[in-house]
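**Student:** Below is the structure I would like to discuss, written out as structure tokens.
The values are calculated or read from the model by the stated rules, or taken from the named source; none is laboratory data. Computed from a predicted model, the values in this text were never measured in an experiment. Glycine gets a Cβ as well: all are built from the backbone with ideal geometry, and neighbour counts include every protein chain shown.
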Amino acid sequence: MSIRSEALAQRIEQGAAELAAYAEGLSDTQWHTVLASDGRQVGVIIHHVASVYPVEIHLAKQIASGSPVAGVTWGVVADMNAKHSHEHAATGKQEAIQLLRLNSRSAAEAVREFTDEQLDRATNVSLNADAPLTAQFMIEDHALRHSWHHMAKIKQALQGA
């Protein structure tokens, strides 16, 4: 295991743990609050973070193998998020937190298997205008950042509610 992959994995676990701890303290009203800037309920967003770890890790592995990421656009992501929101509107708090813990742990374990060479490998990524991005960037910008990104948005929205 590389020192870098271990550090990335630990930061994924940290973000997920902080989001899970925050989610556990939410009231039922807060859990069902719809974020005006997003259109999704808080609970759906937390379930979303949990459910996309496998996709994010798959894309990082694809880049690490040297295969370009094609056909993944922000429009595709928006459609996936809308479908997820519809299908998981009634997701309970414990179910979402359990999935968050399970999938973040699996993501961290997968990241620990990356070598430094794989983390440094770059290939074109359609999600980012076909820019040649590294596997490490994909991990950091998605699986790692995702918990903090949504937790900040949720906190901001609930403070204003």
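**Student:** Quick check on my filter: what residues within the range 74-130 are under 14 Å from Ala60 (Cβ atoms), in contact with a strand residue (DSSP E or B) (Cβ under 8 Å, 6 or more places away or on another chain) and outside any helix (DSSP H, G or I)?
**Tutor:** The answer is Arg121, Ala122, Thr123, Val125.
**Student:** Regarding the range 11-21, can at least one residue be identified that is touching a residue at least 60 places away in the same chain (Cβ under 8 Å), of a type in the set (Val, Ile, Thr) and out of contact with any strand residue (DSSP E or B) (no Cβ under 8 Å at 6 or more places or on another chain)?
**Tutor:** There is at least one residue in the range 11-21 that is touching a residue at least 60 places away in the same chain (Cβ under 8 Å), of a type in the set (Val, Ile, Thr) and out of contact with any strand residue (DSSP E or B) (no Cβ under 8 Å at 6 or more places or on another chain).
**Student:** Right, here's the next one. Can Glu6 be described as surrounded by fewer than 20 Cβ atoms within 10 Å (Cβ to Cβ) and of a type in the set (Asp, Glu)?
**Tutor:** yes
**Student:** In this structure, does Leu8 turn out to be among the aliphatic types (A, V, I, L, M), at pLDDT 95 or above and touching an Asp or Glu at 6+ places or on another chain (Cβ under 8 Å)?
**Tutor:** Here the answer is yes, as Leu8 does meet what is asked.
**Student:** Return yes or no: is Leu144 under 18 Å from Glu56 (Cβ atoms), crowded, with 18+ Cβ neighbours inside 10 Å and touching a helix residue (DSSP H, G or I) at 6+ places or on another chain (Cβ under 6 Å)?
**Tutor:** When the stated conditions are applied, Leu144 passes them.
**Student:** Which ones in the range 113-122 are surrounded by fewer than 16 Cβ atoms within 10 Å (Cβ to Cβ), of a type outside the set (Val, Ile, Thr) and in contact (Cβ under 8 Å) with a residue 60 or more places away in the chain?
**Tutor:** Correct list: Glu113, Asp116.
**Student:** Continuing with this model, one more query. Tell me whether the range 150-161 contains one or more residues that are surrounded by 14 or more Cβ atoms within 10 Å (Cβ to Cβ), among the basic types (Lys, Arg) and more than 25 Å from Gly39 (Cβ to Cβ).
**Tutor:** no
**Student:** Which condition number does Ala36 fail, the rest of (1) over 16 Å from the mean Cα position of the chain (by Cα); (2) buried (at least 16 other Cβ atoms within 10 Å of the Cβ); (3) modelled with pLDDT under 95 being met?
**Tutor:** (2)
**Student:** Working carefully through the options Val125, Val72, find the one that is crowded, with 18+ Cβ neighbours inside 10 Å and in contact with a Leu (Cβ under 6 Å, 6 or more places away or on another chain).
**Tutor:** Exactly one of Val125, Val72 is crowded, with 18+ Cβ neighbours inside 10 Å and in contact with a Leu (Cβ under 6 Å, 6 or more places away or on another chain), namely Val125.
**Student:** Pairs needed: first member in the range 77-100, touching a residue at least 24 places away in the same chain (Cβ under 8 Å); second member anywhere, surrounded by fewer than 17 Cβ atoms within 10 Å (Cβ to Cβ); C-beta distance under 6 Å; at least 6 residues apart or different chains.
**Tutor:** none
**Student:** Separate question: For the range 52-68, check the following and say yes or no: at least one residue is in contact (Cβ under 8 Å) with a residue 60 or more places away in the chain, surrounded by 12 or more Cβ atoms within 10 Å (Cβ to Cβ) and of a type in the set (D, E, K, R).
**Tutor:** Yes, the range 52-68 has at least one match.
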